[in-house]
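Taken together, the values in this text are just the output of simple stated rules run on the coordinates, not laboratory data. None of these values were measured; they are calculated from a predicted model. When we count neighbours, we look across all protein chains shown, and the Cβ atoms used for this are built from the backbone with ideal geometry, even at glycine.
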Amino acid sequence: MTVTVGVLTETAPNETRVAVVPEVASKLKSLGATLLMQSGAGRLAQFPDDSFTGVEFADAAAILARADVLLKVQPPSPAEIGALKSGAVVIGFMQAYARPDLVKALRDRRITSFAMELVPRISRAQSMDALSSQAAVAGYKAVLIAANALEKFFPMLTTAAGTIRPASVLVIGAGVAGLQAIATAKRLGAVVEAYDVRGATREQVKSLGAKFVDTGVSAEGAGGYARELTEEEKAKQQAVLDQRIAASDAVISTASVPGRAAPRIISEAAVARMRPGSVIVDIAAEQGGNCTLTRAGETVIHGGVKVIGPINLPATLACHASEMYARNVFNLLKPALPKGELAIDWQDEVFAGAVLTHDGQIKHEGTRKVVEGQ
C-alpha cells in the first residue's frame with residue numbers, strides 16, 4: 001500500500017523551519033508516496049503553499065490520523081503522539097535525553113521513531129547528518145551576530161582618516177559549527193584563531209586561514225580518542241586559553257556534547273579580562289553554555305563585555321536551514337521506500353543506529369537506561 005507522509009506546521013516557540021521543502025516534496029512524490037501537509041507549514045521558511053506541487057493540504061487532525069510517516073523538525077508533542085495511529089513512524093530531532101515522558105509516550109503508543117541526532121557518523125550517512133547541516137547554519141549565523149554586536153569593523157580598512165585594524169576573533173571548538181564560524185569570520189576580514197582540545201583539528205583550522213591556539217598540552221590518547229588530562233595539564237591549558245580570550249574582540253564558543261551539559265570553558269574571571277565592548281556569542285547556550293555567565297535567549301553585559309546566548313540559531317536562517325534539513329530527512333527515508341511502500345531494513349546500520357523506539361520498546365540503549373533505569 002502506498003505510504004502516506006505527513007508534515008505539520010512546527011508549533012515549538014521560535015521554530016520557523018519546516019521538515020519538507022518543495023524540492024523534497026517532488027522527490028517523495030516521484031517515489032510513489034502520498035504527501036499530506038498542513039496549510040502554511042512552510043510559510044515562515046518562505047515556502048508558501050503554492051510553491052508545492054503534488055501535495056494534498058489538510059488540517060493537523062486529518063494528517064495525524066492518516067500519516068504512516070510523520071516528518072518533524074522539533075519533537076512531536078504529546079497530543080500529536082496520541083493522535084497518531086499505532087505503528088506509525090516519526091522522524092525528527094527527538095531530544096530524548098531531555099524528554100523522558102515523550103520517549104515513554106512513543107513507546108506506549110508503539111510508534112517507531114527515528115531521532116535525527118542519532119544518525120550514525122559514518123561516511124554513507126553524511127548526507128543524512130542533520131546535526132552537521134544545522135550546526136553549519138549556527139556557526140555562520142553566530143559570526144554575523146558577533147559582527148553586529150561588536151562596535152568595531154571586522155576587516156582592516158584603509159581610509160583618509162587612517163588605518164583601522166581588523167578585529168580579532170577566537171573560535172572555541174573546531175567541529176562543524178566552529179569551522180563554519182572560522183570560514184565566515186575570515187570572509188568578513190577578521191584575524192581569526194581557533195582552539196580545540198583535539199589536536200587533529202589543527203590542519204583543518206589552518207586550511208581555513210586561521211591560527212591554531214597551541215596550549216602545549218595534547219589530549220590525544222590511544223586509538224585516536226582523547227585522554228583524561230591531569231589537573232596540572234588542565235590548568236596550563238586553561239591559562240593559555242584565558243590569555244587568548246582576553247586578547248580577542250569577539251569569541252565564538254561552539255563546544256557541546258550531545259545529551260550532556262555543555263563544558264564550561266569561559267569563566268567569569270576570563271570575561272573580566274576582556275576589553276569593554278568585546279563580544280562572546282555562546283552557541284551552546286541551550287545546553288547550559290560554555291561561559292559561566294551565559295543565559296539562554298539573553299544578552300548579559302559584564303564589565304562592558306556582551307555575553308550573547310542565542311537559541312535555535314538554525315531557525316533564524318529558516319529557508320536554507322529547512323532545505324538542508326529536508327534533504328537530510330529524505331536521504332534517511334528514501335531507502336525505506338523502494339516501491340512507494342514503507343519497508344525498513346533493520347539490518348541497515350543507519351536505521352538500526354537512528355531508531356529510538358519501535359514495537360513498544362525503547363531501542364536506543366542509552367535512552368532506555370535513563371528512562372527505564374535498566
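In this Cβ point-charge picture (+1 for Lys and Arg, -1 for Asp and Glu), region 11-65 has a dipole of about 160 debye about its Cα centre. Comparing mean-square fluctuations of 181, 246, 61 from a GNM of the chain with C-alpha springs under 10 Å, the top value falls on 61.
Taking 0.36 nm per residue of sequence separation and removing the Cα-Cα distance, the residue 352/residue 1 pair yields an extension gain of 124.0 nm. Backbone geometry of region 342-356 corresponds, through the Karplus equation with coefficients 6.51, -1.76 and 1.60 at θ = phi - 60°, to 3J(HN,Hα) couplings of 6, 8, 7, 8, 6, 7, 6, 5, 6, 5, 5, x, 8, 5, 9 Hz, x marking Gly and Pro.
Suppose a student asked you for the relative contact order of region 111-193, using Cα pairs under 8 Å spaced at least 6 residues apart; what percent would you report?
Working: 95 pairs, mean separation 22.9, N = 83.
Computed over region 111-193, the figure is 28 percent.
The aspartates and glutamates whose alpha-carbon is closer than 20 Å to the alpha-carbon of residue 369, local same-chain residues fewer than 8 away aside, are 101, 108, 117, 359.
Would you mind checking the pairs 211/236; 141/211; 72/339; 152/234; 152/211 and listing those with alpha carbons more than 29 angstrom apart?
Numbers: 211/236 19 Å; 141/211 21 Å; 72/339 23 Å; 152/234 33 Å; 152/211 21 Å.
Result: 152/234 exceed 29 Å.
Run the numbers on region 24-133 and let me know its relative contact order in percent, using alpha-carbon pairs under 8 Å that are six or more apart. Walk me through the intermediate numbers first.
Values: 144 pairs, mean separation 19.4, N = 110.
That works out to 18 percent.
Converting phi to 3J(HN,Hα) with the Karplus coefficients 6.51, -1.76 and 1.60 and the offset θ = phi - 60°, region 305-318 yields 8, 8, 10, 9, x, x, 10, 6, 4, x, 5, 7, 10, 4 Hz in sequence order, with x at every glycine or proline.
With helices as the sole contributors, the chain gives -9500 deg cm²/dmol at 222 nm; each DSSP H run of n ≥ 4 counts as -39500 (n - 2.57), and the sum is divided by every residue. With θ taken as phi - 60° and the Karplus curve 6.51 cos²θ - 1.76 cosθ + 1.60 applied, the whole-hertz 3J(HN,Hα) list for region 3-16 is 7, 9, 9, x, 9, 9, 5, 5, 10, 5, x, 6, 8, 10 Hz, x standing for glycine and proline. With both labels modelled 7 Å from their Cα along Cα-to-Cβ, the residue 260 to residue 156 distance reads 4.1 nm.
Distance from the C-alpha centroid of region 9-46 to that of region 225-277: 40 Å, rounded to the whole angstrom. Across the chain, the mean sequence separation of Cα contacts (distance under 8 Å, 6 or more residues apart), normalised by length, yields a relative contact order of 20 percent. Here's how it looks for residue 70: its modeled amide H is under 5 Å from those of 6, 89, 90, 91, which are all 5 or more places away or on a different chain. A viscosity of 1.567 mPa s and a temperature of 4 °C, combined with the Kirkwood radius over Cα pairs in Stokes-Einstein, give a translational diffusion coefficient for region 230-310 of 103 µm²/s. Annotation: extensible slack from residue 302 through residue 232 equals 22.3 nm (criterion: 0.36 nm per residue apart, minus Cα-Cα distance). Using 0.36 nm per residue and subtracting the Cα-Cα separation, the extra length available between residue 148 and residue 200 on full extension is 15.6 nm.
May I ask for the angle, rounded to the nearest 10°, between helix 231-246 and the longest principal axis of the chain, with both axes built from Cα atoms and the value confined to 0 to 90°? The helix 231-246 is inclined about 80 degrees to the chain. At q = 0.08, 0.12, 0.13, 0.15 Å⁻¹, what log₁₀ I(q)/I(0) does the chain have when each alpha carbon counts as one equal point scatterer in the Debye sum? Cα-only, vacuum Debye calculation for the chain: -0.46, -0.95, -1.06, -1.26. Dividing the Cα radius of gyration of region 137-311 by 2.2 N^0.38 Å, with N the residue count, gives 1.00.
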